[in-house]
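J.: This structure is in structure tokens; I'll ask about it shortly.
The values are calculated or read from the model by the stated rules, or taken from the named source; none is laboratory data. All of these numbers come straight from a predicted model, not from anything done at the bench. Ideal geometry is used to build each Cβ from the backbone, glycine not excepted, and the neighbour counts take in all protein chains shown.
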Amino acid sequence: MELIRGIFFYPIKFLLAFILHYEHPKADIPQGLEQRIKIFLLHHFLNFGLGLANVLDKAGLCYEHDVLRFLVNGVPPQKTNELLINNVMFNNLTVRIYQPKVPSTGLRRGIVYCHGGVGRFGSINAYERVCRSICRNSDSVVASIEYRLAPEHPFPTQFDDCVTATIHFMRTAKDYGVDPTRVIVCGDSSGGTIAASVCQTLVNRTDLPKVRAQILIYPFLQAVDFNLPSYQQNEDAPVLPKSRTVDFGFKYLNLDPSLIDDFLRGAHIPESVRQKYSKWLSPDNLPNKFKTRSYKPPPIAPCKEEVYALAQPFIGTTFSPLLAEDAVVRQLPDSFILTCEYDVLRDDGLLYKKRLEDNGVRVTWCHLSDGFHGVLFAVDYGILSFKAGHKGINRIVNFIKTL
């Protein structure tokens, strides 16, 4: 009996122990974060999920991204009597429409939502609570896009799908009780990347109304410099440490992971290109208060031409919209940018804020001093929600009501 137990029980116990401690040394809950126990538990739940996904993938039982999709979808919320929620098709894409049941005296605002997930996971189901909250509290119609995911549908399919869905929604806005001149494009994390790129793509379209506003929630906006102050300060912060950010990006673009270290050192950017982008990406463009927490200017690594050749998708404006030319940026609509103090992507948002303002675009900025990447995702999850997430949603809703 002991032999049987040893054969079956102890290997399983070892496997679970390995998964539970996956990336454990990287756990670092900054002192400035509130609700630390809850964040600690979330951080280790995510590490467990990533460890489980990694083990199952290497064992050939299922793909890593399938496990992550299942985990991120979470527990479905209860049915609501306040909203009308229907799935519709926009040119073979599923889009979930959220509409307030309360009648409106006129056409409402419309919000196109591009969810996060680094192009590989996330879904309209995963973001059900976020979209419900925005719809209910802003009295707007929300169109959440179920864009196709990598690796089955390689980059830039995700961006193309969101452009297609946004154009379709703008052209059929009145069918959903929406004023086509009051359509807002919104996204979080990599969805914020997509939202920013969609808005840039549409600035010269004369056959469509102008996008009324863009809402970018802790967006990823550039892949030139992974050593900005926020990347250094939050290298090990939950839930998106620096190494995980770049690893996810490599998997999204299907690049050789052996090149990650070159990207982290900046060896993917020639000096001439670095000089071109320095006016937009320099830490000098950041307020001093964001550089006081353990920041040191890093040494510049010499470029490897073969790495630069492979880096082109990374630094194109579809993946790095912060690098768009001024002629495009100055045409962008009113903007709302949300950043979190304990987020490697904080400075992407701050640098884009400055670029927009320098080009005459009106920007409303919300900075969550006790926020971390993904904090809004848990909104309306009851005791699992975070105060900073509710604050962020409230600021977004207040911005929408001004449009």
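J.: Y63 passes all but one of (1) among the hydroxyl-bearing types (S, T, Y); (2) surrounded by fewer than 17 Cβ atoms within 10 Å (Cβ to Cβ); (3) modelled with pLDDT under 75; which number fails?
T.: For Y63, the exception is condition (3).
J.: Which is of a type in the set (A, V, I, L, M), under 17 Å from the mean Cα position of the chain (by Cα) and in a loop (DSSP other than H, G, I, E, B), of L208, L221, L216? Break it down stepwise before answering.
T.: Numbers: L208 fails: under 17 Å from the mean Cα position of the chain (by Cα); L216 fails: in a loop (DSSP other than H, G, I, E, B).
Going through L208, L221, L216 in turn, the sole match is L221.
J.: A further question on this structure: Given the structure, is N73 surrounded by 13 or more Cβ atoms within 10 Å (Cβ to Cβ) and modelled with pLDDT under 95?
T.: On the way: surrounded by 13 or more Cβ atoms within 10 Å (Cβ to Cβ): yes; modelled with pLDDT under 95: yes.
So N73 passes the test.
J.: Out of (1) hydroxyl-bearing (S, T, Y); (2) closer than 20 Å to P76 by Cβ; (3) free of Cβ contacts under 8 Å to residues at least 12 places away in the same chain, what's the single condition that is false for T157?
T.: Looking at each condition in turn, T157 falls short on (2).
J.: Picking from S189, S230, which residue would you name as being modelled with pLDDT of 95 or more, farther than 16 Å from T317 by Cβ and in contact with a Gly (Cβ under 6 Å, 6 or more places away or on another chain)?
T.: Values: S230 fails: in contact with a Gly (Cβ under 6 Å, 6 or more places away or on another chain).
Checking each option against the conditions leaves just S189.
J.: Which of the residues that make up the stretch 320-370 are over 28 Å from Q275 (Cβ atoms) and touching a residue at least 60 places away in the same chain (Cβ under 8 Å)?
T.: Within the stretch 320-370, P333, D334, F336, L338, C340, E341, Y342, S369, D370 qualify.
J.: Looking only at the stretch 276-290, count how many residues are more than 23 Å from Q200 (Cβ to Cβ) and assigned to a helix (DSSP H, G or I). Break it down stepwise before answering.
T.: Of the residues in the stretch 276-290, the ones more than 23 Å from Q200 (Cβ to Cβ) are 283-284, 287-290.
Restricting the remaining residues to those that are assigned to a helix (DSSP H, G or I) gives 283-284, 288-290.
Looking only at that region, the number is 5.
J.: Suppose we keep only residues that are hydrophobic (A, V, I, L, M, F, W, C) and closer than 18 Å to P313 by Cα within the stretch 114-161. Which one would you say is surrounded by the most Cβ atoms within 10 Å (Cβ to Cβ)? Walk me through it before giving the result.
T.: Of the stretch 114-161, the ones hydrophobic (A, V, I, L, M, F, W, C) are 114, 118, 121, 124, 126, 130-131, 134-135, 141-143, 145, 149-150, 155, 159.
Still in the running and closer than 18 Å to P313 by Cα: 118, 149-150, 155, 159.
Details: V118: 25, L149: 21, A150: 20, F155: 19, F159: 21.
Restricting to residues being hydrophobic (A, V, I, L, M, F, W, C) and closer than 18 Å to P313 by Cα, the top hit is V118.
J.: Further question on the same structure: Name the single residue that is nearest to Q200 (Cα to Cα) among those in the stretch 132-184 being in a loop (DSSP other than H, G, I, E, B) and of a type in the set (S, T, Y).
T.: Residues of the stretch 132-184 that are in a loop (DSSP other than H, G, I, E, B), as a first pass: 139-140, 147-156, 172, 177.
Now narrow it down to the ones that are of a type in the set (S, T, Y): 140, 147, 172.
On the way: S140: 23, Y147: 19, T172: 21 Å.
That would be Y147.
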